[in-house]
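First the structure, in the form of structure tokens, and then the observations on it.
What follows is calculated from the coordinates using simple rules that are stated; it is not laboratory data. Keep in mind that what you see is a predicted model, and the values were worked out from it rather than measured.
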Amino acid sequence: MAVAASLVAGSPLLVAAVIEEPILAVVYAITLGVSVWLFRDARRRRRSVVVAVGWAVGGLILPGIVHFGYLYGRMKSTTPAEPPADDETERGNDR
């Protein structure tokens, strides 16, 4: 219980770790950003929400393995990403 309480945002232990090792904040921010991208890319490729969340959470827990594993699987995937919506098709070609 004491360990969980010391990891709460704003706790002196967490603040001290970020102040003493600011590179940790940068590494965690990059890891979080890549995991968010994993989630969004998996959803764009029509994966279920559960699978997309699994990739994102896995990317937070084991980033080196999961991020590269996702990219490797993405290269071998035959399911293309959904093409971006074109403004002309959304308006119905009102020219």
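Give me the tail of P(r) for segment 20-79 as a percent: Cα-Cα pairs with distance above 14 Å.
Tail fraction, whole percent: 55.
Suppose the chain between SER11 and VAL51 were pulled fully straight at 0.36 nm per residue; how much longer would it get relative to their current alpha carbon spacing?
11.1 nm is the gain from fully extending SER11 to VAL51.
Figure the gain on full extension for ILE65 and LEU32 (residue separation times 0.36 nm, minus the Cα-Cα span) and round it to one decimal in nm.
Between ILE65 and LEU32, full extension yields an extra 10.4 nm.
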